[in-house]
Amino acid sequence: MELKNDLILRAAKGEDIDRYPVWLMRQAGRILPEYRAVRSSLSGFKELVETPERAAEVTIQPVDILGVDAAIIFSDILVVPEAMGLEYQMIEQKGPWFEKTIRSREELKLISDSFDINDRLGYVLEAIKITNRELHGRVPLIGFAGAPWTILCYMVEGKGSKTFSESRKLLYTDPALAHELLSMITKVTIQYLKAQIKAGAHMVQIFDSWAGILGTEQYAEFGLKYISLIADAIKEVPVTIFSKGAITSLGSIGKLNCNTVGLDWNMDITETRKMVGKSRTLQGNLDPCTLYSSHKEVENLTIKMLDTFTSKRHIVNLGHGVYPDVDPEKVKTFIKTVKNYELRK
Ligand code: CP3
């Protein structure tokens, strides 16, 4: 199916665009009452993720309601540890919870990196196919996976954490085990992203939500080393790497085989451009809390950000996922401001 709006792909590849493309991380859940209605008709988050027709429906909602320039498949990064053998639950108001964790060589036997992606993650691939069928090429569809380091964090910790100190502890007590686990996750992630692309994902994003809790050297060794293997393996579609909080690693990220570098709101666009260079697209990075201010202020702050862009190599987004209690009308103001912004450069 030919795409009617391919702005985001063009921006990722450094091709000409007549305005900046815009979408929001976590746009497919969280804020829309229409999403909550679908979710409450099912037993919970996991049933929604595992029911391709409904996952496709909530994937398309932000395209219809908010007017974003891309859809992102409704799923979660935690489907990968689950497929490898660690089942998770999504506990209301609390977040993810794994009954088993990997903290020793013995526990490493609980998981596998040799299985058929179609068997265990076929529901995501099916949701991608249905979504594209129903989108009729209106916008591109983004596939995604967690970066190996962030997935390791959940596998070792078994739940969310402020410090992820169990995960960081492992890097000191048994670095060889950490590397083995990261290699296994990397192998599955490459196959999984390739399967998403084959099913119809037009670009892919790697989310390294916990990149910023490691120092620069440790992030190079336990984070970027594995992201780099993934980036080298994906040649079919544009790749975005979002390493949240990894400010001192931006120069290294810019050298990876990716099209786009995702920025959180702590990162300065002008400084980042110097570190990353001109041959990568930057994605981001309005502070998600901006959307709690007035419509006028949302407009002003969005324009202020756009004014710092010095080339067409930008994809507009927030600096992290949109927060659950944000008024969708503020999101619309953000999107409208980007769409009305005159591209002078
Ligand atoms: O972007 C999208 O809207 C597409 C779907 C998507 C979800 N999770 C759905 C979801 C994506 C891209 C993710 C990525 C994800 N999941 C990340 C990386 C991005 C980031 O925010 O840093 C991480 C760390 C997770 C793990 C995860 N999933 C946590 C910690 C939680 C609980 C807290 C929270 O963020 O809501 C989830 C649950 C989750 N994943 C929900 C949604 C819509 C909320 C579930 C619900 O109550 O409906």
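Results, tabulated for the structure shown:
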read-out	value
Matching residues, the range 37-53, being free of Cβ contacts under 8 Å to residues at least 60 places away in the same chain, more than 8 Å from the ligand (Cβ to nearest atom) and more than 22 Å from residue 146 (Cα to Cα)	37, 38, 40, 41, 42, 43
Verdict on residue 154 being closer than 20 Å to residue 211 by Cβ and modelled with pLDDT of 95 or more	yes
Matching entry among 57, 15, 2, 107 (being modelled with pLDDT under 95 and more than 12 Å from the ligand (Cβ to nearest atom))	2
Any hit, the range 177-189, residues being open to solvent by less than 40 Å² (accessible area, probe 1.4 Å), small (Gly, Ala, Ser) and without any contact (Cβ under 8 Å) to a residue 12 or more places away in the chain	no
Hey, residue 178 assigned to a helix (DSSP H, G or I) and small (Gly, Ala, Ser) or not	yes
Check on residue 95, farther than 30 Å from residue 313 by Cα and within 8 Å of the ligand (Cβ to nearest atom)	yes
Lone unmet requirement of (1) modelled with pLDDT under 95; (2) within 22 Å of residue 27 (Cβ to Cβ) for residue 137	(1)
Subset of the range 190-234 that is polar (S, T, N, Q) and open to solvent by 20 Å² or more (accessible area, probe 1.4 Å) - its residue that is nearest to residue 105 (Cα to Cα)	218
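To keep it simple, each residue is scored yes or no on (1) polar (S, T, N, Q); (2) within 16 Å of the ligand (Cβ to nearest atom).
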| position | (1), (2) |
| --- | --- |
| 203 | no, yes |
| 208 | no, yes |
| 212 | no, yes |
| 218 | yes, no |
| 221 | no, no |
| 228 | yes, no |
| 234 | no, no |
| 238 | no, no |
| 245 | no, yes |
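The values are calculated or read from the model by the stated rules, or taken from the named source; none is laboratory data. Computed from a predicted model, the values in this text were never measured in an experiment. Quick reminder, even Gly has a Cβ in these numbers, built from the backbone with ideal geometry, and neighbours come from all protein chains shown. Areas reflect the complete protein model, heavy atoms only, side chains present, ligands, DNA and RNA absent. Shrake-Rupley method; radii C 1.70, N 1.55, O 1.52, S 1.80 Å.
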